[in-house]
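The block underneath contains the structure these notes are about, expressed in structure tokens.
The values are calculated or read from the model by the stated rules, or taken from the named source; none is laboratory data. Everything quoted here is computed from the prediction, not taken from an experiment. Backbone-built Cβ (ideal geometry, glycine too); neighbour counts: all protein chains shown.
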Amino acid sequence: MLFQKRIKRAFDYLEEKKQREAEENPENTQEDLKPSIKDILEKGDIPAMLISAFLVILPIAIIVLLVIVFAGRLFMRA
């Protein structure tokens, strides 16, 4: 793999940093250090994700349903 030594060194550094922070603040657990969903997302992110999901999924679903309907009508004529 390309840059394997650098990647290993970066992961080792992150692990050491995490251990140092855990030693400095023993009362903090991993649950306390994880950001919550509200910290990650902004105010309008969830409605925007829903709208974009509908814009992507609904046209594909409509096309699939139309293909099924037309295939059914084609076989029902005979």
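Annotations
Residue by residue, here is whether (1) assigned to a loop (DSSP other than H, G, I, E, B); (2) modelled with pLDDT of 85 or more; (3) touching a helix residue (DSSP H, G or I) at 6+ places or on another chain (Cβ under 6 Å); (4) of a type in the set (D, E, K, R) holds:
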{"position": "E16", "(1), (2), (3), (4)": "no, yes, no, yes"}
{"position": "N28", "(1), (2), (3), (4)": "yes, no, no, no"}
{"position": "K38", "(1), (2), (3), (4)": "no, no, no, yes"}
{"position": "I57", "(1), (2), (3), (4)": "no, yes, no, no"}
{"position": "I68", "(1), (2), (3), (4)": "no, yes, no, no"}
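- Residue match in region 30-47 (condition: surrounded by fewer than 10 Cβ atoms within 10 Å (Cβ to Cβ) and of a type in the set (A, V, I, L, M)): yes
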